[in-house]
1. Filter segment 261-296 down to residues that are under 16 Å from Cys385 (Cβ atoms), without any contact (Cβ under 8 Å) to a residue 60 or more places away in the chain, not hydrophobic (A, V, I, L, M, F, W, C) and not in a helix (DSSP H, G or I), then give me how many there are.
2. So, Thr439, is that one in contact with a strand residue (DSSP E or B) (Cβ under 6 Å, 6 or more places away or on another chain), among the polar types (S, T, N, Q) and farther than 13 Å from Ile233 by Cβ or not?
3. When the residues of segment 354-404 are filtered to those that are under 29 Å from the mean Cα position of the chain (by Cα) and assigned to a strand (DSSP E or B), which remaining residue is farthest from ligand 1 (Cβ to nearest atom)?
4. So, of the residues in segment 145-185 that are in contact with a helix residue (DSSP H, G or I) (Cβ under 6 Å, 6 or more places away or on another chain) and of a type in the set (D, E, K, R), which turns out to be farthest from Lys267 (Cα to Cα)?
5. Report the residue count in segment 425-451 for those that are of a type in the set (D, E, K, R) and in contact (Cβ under 8 Å) with a residue 40 or more places away in the chain.
6. Quick check on this structure: which one of Ala127, Ala65, Ala156, Ala144 is among the aliphatic types (A, V, I, L, M) and farther than 30 Å from Gly204 by Cβ?
7. Does Leu28 fit the bill of being within 16 Å of ligand 2 (Cβ to nearest atom), hydrophobic (A, V, I, L, M, F, W, C) and under 30 Å from Lys270 (Cβ atoms)?
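The values are calculated or read from the model by the stated rules, or taken from the named source; none is laboratory data. Quantities reported herein were computed from a predicted structural model and do not represent experimental measurements. A quick note on method: Cβ atoms are made from the backbone with ideal geometry, for glycine too, and the neighbour counts reach across all protein chains shown.
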Amino acid sequence: MPNMSMTKNPMPAQEPEVRNKNFNEVALGYTEEQAIDEAQRCLNCKHKPCVGGCPVQIDIPAFIAEVAKGEFEKAYQIITRSSSLPAICGRVCPQESQCEQRCVRGIKGEPVAIGRLERFVADWHMANSTEAPEKPESNGHKVAVIGSGPSGLACAGDLAKKGYDVTIYEALHLAGGVLAYGIPEFRLPKAIVQKEIDGLKALGVKIETNVVIGKTISIDELFDEFGFESVFIGSGAGLPRFMNIPGENLNGVYSANEFLTRINLMKAYKDDSKTPIRHPKSTVVVGGGNVAMDAARSAKRLGSDVTIVYRRTKAELPARAEEVEHAEEEGIKFAFLHNPVEVEGEDGWVKAVRCQVMELSDPDESGRRKPVPVEGKFITVPCDCMIMSIGTSPNPLIKSTTEGLETQKWGGIVADEATGLTSRKGVYAGGDAVTGAATVILAMGAGKNAAAAIDASLMGEK
Ligand code: FAD
Ligand code: SF4
Ligand code: SF4
């Protein structure tokens, strides 16, 4: 008999007033009892609508049925047939617009907490499994992967399992891509990312850090001098955009990427960090996406008062509802319908942000209401730190150093959707480098698809 409760089992979490002063994980995860109780809410629907909402098509009812029986390892084996990074996706996937959005239990109440169950299963496996992955026998083929974000890790993992000799080249000193330098510890503990990377190393994947492809080594050299037969580009979209307004070059104005990298990768919040950061008293974050929420919540944890400035209304915020709720609970303020027009400074440092008051226009042909300025209306928000979080694009370095690699006008690499094959023979691409800033699960899926295509090509299959 299924559990007919209308609501999900709540996720145990740190209290807002405690967590907004530390970098430890906010959500604490289900206990075994909570996981089994939640799994019993699943109706094991014959047509599996939830699976259609998952970009990598995890057999959701099958893994949840195993959780309901207390067979957690079996559940893990089902998930990992389709996903390489379940502990990560269970934490950061926008489930509410993917698998959970299609769950039939969501019609009259809350959907089954698929993401929380996935996280539980992956964490259970990490805590209880003692089996080390076996290094597969070599098939004699060499593949290079550029970038160690989710697309690169997934591609490398799938190829290594098939016996390929895989080397990942990573520009930074630590592997993980956005998982390591972008998403904060309080949402995704770095120990979990490291465990995934250790698992790849155990499969034989080599990771060369501090290597910038296009500067240290070119793609041509990877083929001609290093003997790789295929290359996968998973270099992400880490180039920040700015607003080009007066005063943006003042000290104390960061891109969200720089701010988060200092905090996550360089542990700038610790007193003994080699990359310290001035602990701001008052921070303005510009933007309304997940990255803006992460930057704002990180600044809050440094002890700052934080205001998010967004040019539309709360209803249009692109960030996940859960992240907005967490930010509000932690005391972050929002200035909706405001757009920065000038950064004011003193002695070379940011002092305040002058913002134009906006309103939403009548809907256009597409039904979209655009933010438009309210003539003559401005406010000034005092601050000693400003964080720009208005989007990123792929870095042009690889394109500019690789002959025959076609890109879109905005910088994204042109690649076949199903295989990741680019305009250059033997070169595949996937993740944010192709789509622009997207999600972990989409990047992971693209890496897996490319691995399958590389394997088929090198093994002479059509
Ligand atoms: P990335 O993760 O960007 O990794 C690319 C790697 O390539 C980087 O390590 C980079 O250093 C390296 N690289 C770049 N150029 C070179 C070069 N020339 N040579 C060698 N290495 C190179 N998604 C979600 O699903 N949920 C979330 O909650 C979420 N939150 C986010 C929060 C933040 C702050 C950010 C920035 C993104 C967030 N995302 C989230 C988006 C998600 O993280 C990305 O879509 C995903 O990481 C893209 O993966 P990727 O493998 O394409 O690239
Ligand atoms: Fe849902 Fe993401 Fe897990 Fe797929 S990977 S089942 S979308 S949480
Ligand atoms: Fe279970 Fe919901 Fe999927 Fe049905 S749609 S199988 S209830 S998770």
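1. 3
2. Working: in contact with a strand residue (DSSP E or B) (Cβ under 6 Å, 6 or more places away or on another chain): no; among the polar types (S, T, N, Q): yes; farther than 13 Å from Ile233 by Cβ: yes.
Against the criterion (in contact with a strand residue (DSSP E or B) (Cβ under 6 Å, 6 or more places away or on another chain), among the polar types (S, T, N, Q) and farther than 13 Å from Ile233 by Cβ), Thr439 does not qualify.
3. The selected residue is Pro371.
4. That would be Lys162.
5. Step one: of segment 425-451, the residues of a type in the set (D, E, K, R) are 425, 432, 448.
Among the residues that remain, those that are also in contact (Cβ under 8 Å) with a residue 40 or more places away in the chain are: 432, 448.
Total satisfying the criteria: 2.
6. Details: Ala127 fails: farther than 30 Å from Gly204 by Cβ; Ala156 fails: farther than 30 Å from Gly204 by Cβ; Ala144 fails: farther than 30 Å from Gly204 by Cβ.
Criteria check complete, one pass: Ala65.
7. Numbers: within 16 Å of ligand 2 (Cβ to nearest atom): no; hydrophobic (A, V, I, L, M, F, W, C): yes; under 30 Å from Lys270 (Cβ atoms): yes.
Against the criterion (within 16 Å of ligand 2 (Cβ to nearest atom), hydrophobic (A, V, I, L, M, F, W, C) and under 30 Å from Lys270 (Cβ atoms)), Leu28 does not qualify.
Each row is one residue, and each column tells you yes or no for (1) modelled with pLDDT of 95 or more; (2) within 13 Å of ligand 1 (Cβ to nearest atom); (3) not hydrophobic (A, V, I, L, M, F, W, C).
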position	(1), (2), (3)
Ile213	yes, yes, no
Glu229	yes, no, yes
Leu250	yes, no, no
Ser282	yes, no, yes
